[in-house]
Each structure stands twice: as structure tokens, then as C-alpha cells.
Amino acid sequence: MARAKEAFPAWRAVAPADRAQQLRRLATLVEEHHEELARIESRNVGKPIGGARGEVAMVAQVLHFYAGAVDKFHGETIPVVGGVDMTFREPLGVVGLITPWNFPLNIASWKIGPALACGNTVVIKPAELTPLSTMRLGELALEAGIPEGVLNVVVGKGSVVGQRLIEHPDVAKIGFTGSTEVGRLVMQGAASTIKRVTLELGGKSANIVFEDADLERAAAAAPYAVFDNAGQDCCARSRILVQEAVYDRFLDLLVEATGKLRVGDPEDDATEMGPLISAAHRETVDSFVQGTTPAFRGDVPEGRGFWYPATLVEAGPDDRIAREEVFGPVAALVPFADEAEAVRIANSSSYGLSGSIWTRDGGRALRVARAVESGVLSINSNSSVRPSTPFGGVKQSGFGRELGMHALEGYSEVKNVFYATEA
Ligand code: NDP
């Protein structure tokens, strides 16, 4: 933190074009080390290599985006009497970043990109289980010419290193992604020094399928929206709400599609789902399924790995499995009667991160999109995370936005200056 503080004055003074060039170089180095970084991520997290390659490609896109954003995020002039009023976007100083184990490098880039673009220096603490890719990114940053002290990677336990970041008087902001439980601790800890915080927390997102939807498309896409990354995804559409009139038909199609999921060795190019992160996490996931009679349970390989089968459970909206975040390959199917009930069930969660709406009725699609309490939604698609568009939650899924130009607001402060011009 002392190094980050020392490096701050010089980094904020770097000419915008030069800062952009250094970020651009880092993005290019990530592209050049694409396969190496994907292998590190796949081995460390146990995620399929195909998914890891896609994630590393996104890391480069995110860094390119923020390289391009350095000189496009600026102040304004405001009409006032007696002079000129202008605003500046000032960096915050040293920012502390705390990231989880499910998408380690990806989520790191969502925070590092805008933080460095705005002229802040960074101390990042990756999750203890998955520090390797972030450490490698730190080395690449030096190779890219980003000065020593600007991007610091500190490994260690959340309760020790993370806690210190949160309490440290020289840290101006905490950008956190993780569980809602730890998010609460971040807010509490940040209060003592009035730190800014951005919180990207848990989710229990609804995938709402209306009777007039393209059922084949919705069912074929649904497994990837919840079993991708073995369900260890804050955006997992793990509550599948289906209109009663098409429920049985949709369930048949979903079971068929889920059965095709290729579960196996993460290093195999064809694998779509790997094991879970740890034995302890597998126990937590299983605790949600205990006592239910799943409508479907997939196969898993034998041997090493914390395997858990893709599982579909029919549930009522108030069942634990339909309310709490499982963070594993388990989806709850819940029937609904009409549009009003779909919205009521979707909003009956304390979370509000992501979700999907499947219908051919354009008016309904927009009505429901406006009514569902969620930070990110997709219509006739399950894809809503892109480098250029804002991402983040409402309710207990957190606040603040990552990605796109919106993320820059979380890593800068508006300064207002009035300049008198009267003679
Ligand atoms: P945790 O909240 O347990 O951990 C997240 C990070 O916080 C880790 O680096 C961890 O360190 C650190 N941490 C833990 N305790 C403290 C503490 N007392 N003070 C400071 N830092 C601490 O979450 P998981 O790693 O288990 O990730 C899964 C959770 O993250 C899920 O609930 C998921 O929904 C959420 N998530 C949300 C996303 C979003 O964008 N909204 C994206 C991805 C995940 P360490 O583990 O090293 O001890």
C-alpha cells in the first residue's frame, strides 16, 4: 500500500495518450500470452479450457476498451453567471480490489482497467484459492511498461489481507466482488474511513419462459445459463420460471438439452463443464439437493475432482433451492400462471443481479424487463456481459457498475471549479 501511495502522483500525471498506450500494451501482451493465461486459469480453477480461453480473450478486450476510454471520459462546463464553471474527473488515489475464485482474471480486469485508466494506483487481492492468473497479470503489467508500484498484487487470506485493505487509511476505495455476506463486512469496515465501495455480490437470477416463446431455443440455451462454470457464476439463471401451459413440454426439452452437456476433463477442448472448486463447496451445493427428488441428474466422471452432476429440481417459489444462491450446477424449475405472477416470483428474491425473458411478444418483453428488479437483463438470450455495457446488481446483489463507460464513474471523483471572469 505504501508503494501504491508513492506511485500515485507520478501515475496520475502521466499524459493521457501515454497511459492509454501502456494499457494498450498490457492488452496486447494478454493476447500474446492467451494460451498460457488460459491454461493457468483452467488448472487453478478447474474450469474447462474452452471457457478459460474465452475469458482471457475478454480480459484483453476489456483492457483495450479502457485504453481507448482514457481520453474519452472528461469533465463539462456548466452555464453560470459571472464566470466559467467546469468539472474535472479526478482519480481517487490508491484503490483496493478484492476478487473471487470463480472468474479470477476476468473480474480482476473489470476493476483494474477502469481504475488505471482514471489514474489510480491499485492493490489487488485475488482469492486464496486462485491467485495465479492475477499474479501473472501483474508481471505482464511491468513488461508493458506500467511503472513499479502502480499495479500491486498481494496474496493472502481475505480475513487478513482483505480486511487490512478495507481498514487502511491510505486506501480510497474498495472494489469488491464476492459473497453478499463478505460484502456486508466490506461496507462496515469501509465506514470508519468513509471509503467508497463498489459491491458485486451474489445472485439468484430468473430465466422467465412465457408460453409464446421459442421453446426449443430457450430450452437449448438454458443449460449454459446455469451450468456454465459448473454453476459457479453470480449471473447463473438458476431459477427457471416457466408458464404453466408449456411447463411439461419445456421440462422435456430442458432435460434433453441438459443431458447433452459434456462434463469431463477441463483440459479437453470439448468439455463444457468441469468439477467444483473445492470439497467444502461441493458439500454446500449438495446440501441444497438433499431431501429433493431431482427431475434430472447428469453423469460425472469417476476419479479426482470435486465433481457434481448437472441437476434439475422442480420447486415451489418459496423452497430454499428456489430462493438461495446455490453457486453450483443446480437449477430450480418453478411454474407460473401469468405475467403478473412471473414478475412477482422473479422479484421475491433479496438478490437482483441478472436474468432473462423469453417471449415473442415485444410489448410483454419490455414490460417485464422494466418490472423485474435486476441490474442486468437479456431478452430471448442469456447473454448480458460485454466489455462496453454496464454490469452490476440492485438490492442485495450490490451497487455500482462495472464494464462500459459507467465503470469509470466508480473510480473517479467529480471536482467542480468556478473561475470568475468579471473584469
Ligand atoms: P467470498 O465473499 O468468500 O470471497 C471473495 C473475496 O473476498 C476473496 O478474495 C476472499 O478472500 C475475500 N474475503 C473473504 N473474507 C473477507 C474479509 N473478511 N474481508 C475482506 N475480504 C474477504 O466469495 P467467494 O470467493 O466464495 O465467491 C463466491 C461468491 O461471490 C458468490 O456468492 C457469488 O455470487 C459472488 N460473486 C459475485 C459476482 C458479481 O459480479 N456479482 C461475480 C462472482 C462471484 P479469500 O477467499 O482469499 O479468503
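What follows draws every value from the coordinates through simple rules; no lab data is involved. Fair warning: this is a prediction, and the values are worked out from it, not measured in the lab. Don't worry about glycine lacking a Cβ; one is built from the backbone with ideal geometry, like all the others, and counts go over all protein chains shown.
For region 1-131, the spread of Cα positions along the three principal axes, ordered from largest to smallest, is 63, 29, 23 Å. Short-range pairs are left out: with C-alpha atoms under 8 Å and at least six residues apart, the relative contact order of the chain is 19 percent. Put a dot 7 Å past the Cα of Phe88, heading toward its Cβ, do the same for Glu341, and the two dots end up 5.9 nm apart.
Counted over all Cα-Cα pairs of region 210-294, pairs farther apart than 22 Å make up 34 percent.
Taking Cβ atoms as reference points and 10 Å as the exclusive limit, the residues near Trp307 contribute a net charge of 0, counting Lys and Arg as +1 and Asp and Glu as -1. Each principal axis of the Cα cloud of region 186-229 was taken in turn, and the coordinate range along them, longest first, works out to 53, 23, 12 Å. Each stretch of four or more DSSP H residues adds -39500 (n - 2.57); spread over every residue of the chain, this sum gives -12000 deg cm²/dmol at 222 nm.
Report the net charge of residues surrounding Val376, where surrounding means a beta-carbon distance below 12 angstrom and charges are Lys +1, Arg +1, Asp -1, Glu -1. Summing Lys and Arg as +1 and Asp and Glu as -1 gives 0. The calculated FRET efficiency for Ala280 paired with Val155, based on their beta-carbon distance and R0 = 22 Å, is about 0.65. For region 66-163, which trypsin sites (Lys or Arg not before Pro) are in a loop by DSSP, counting at most 13 other Cβ atoms within 10 Å? Answer in residue order: Lys72, Lys157.
Qualifying GluC sites (Glu not before Pro) in region 260-361, where qualification requires a DSSP coil assignment and no more than 14 other C-beta atoms within 10 Å, comprise Glu267, Glu302. For an R0 of 30 angstrom, estimate the FRET efficiency from the Cβ-Cβ distance between Asp212 and Asp319 and round to the nearest 0.05. With a Förster radius of 30 Å, E is 0.65. Only Cα pairs under 8 Å and 6+ residues apart enter the sum, and on that basis the relative contact order of region 257-334 stands at 26 percent. Other residues lying with their Cβ under 14 Å from the Cβ of Ala7 contribute a combined charge of +1, Lys and Arg counting +1, Asp and Glu -1. Taking a cut-off of 14 Å, what percent of all Cα-Cα pairs in region 370-423 are separated by more than that? Tail fraction, whole percent: 66. Using C-alpha pairs under 8 Å with a sequence gap of at least 6, the mean separation divided by the residue count of region 292-380 gives a relative contact order of 20 percent. Across region 240-282, Cα-Cα distances exceeding 14 Å account for 64% of all pairs. For region 259-331, the C-alpha radius of gyration divided by 2.2 N^0.38 Å, with N the number of residues, is 1.13. GNM on the chain, alpha-carbon springs under 10 angstrom: the most fluctuating residue among Leu23, Leu116, Leu140 is Leu140. Taking only the C-alpha atoms of region 224-264, the Rg (one decimal) and the largest Cα-Cα distance, Dmax (whole number), read 11.6, 36 Å. The Stokes-Einstein estimate for region 140-249, based on a Kirkwood radius over Cα pairs and taken at 10 °C with 1.306 mPa s viscosity, is a diffusion coefficient of 91 µm²/s.
Pull out a ≥ b ≥ c, the square roots of the eigenvalues of the alpha-carbon gyration tensor of region 60-211, then state rounded if a/c is under 1.5, prolate if not and a/b is larger than b/c, and oblate in the remaining case.
rounded
Each Cα pair of region 111-175 feeds into the Kirkwood radius, which the Stokes-Einstein equation turns, at 20 °C and 1.002 mPa s, into a diffusion coefficient of 173 µm²/s.
Give me the base-10 log of I(q)/I(0) for the chain at each q in 0.10, 0.11 Å⁻¹, Debye formula, one uniform scatterer per Cα, rounded to two decimals. Calculated log10 I(q)/I(0) at the listed q: -0.71, -0.84. Using R0 = 60 Å, the C-beta based FRET efficiency linking Glu422 and Thr292 works out to 0.20.
Are there trypsin sites (Lys or Arg not before Pro) in region 222-322 that DSSP marks as loop and that have at most 14 other Cβ atoms within 10 Å, and which are they?
Here the sparse-neighbourhood loop sites are Lys260, Arg262, Arg304.
With a simple spin-label model that places each label point 7 Å from the Cα along the Cα-to-Cβ direction, the separation between Glu267 and Arg367 comes to 5.4 nm.
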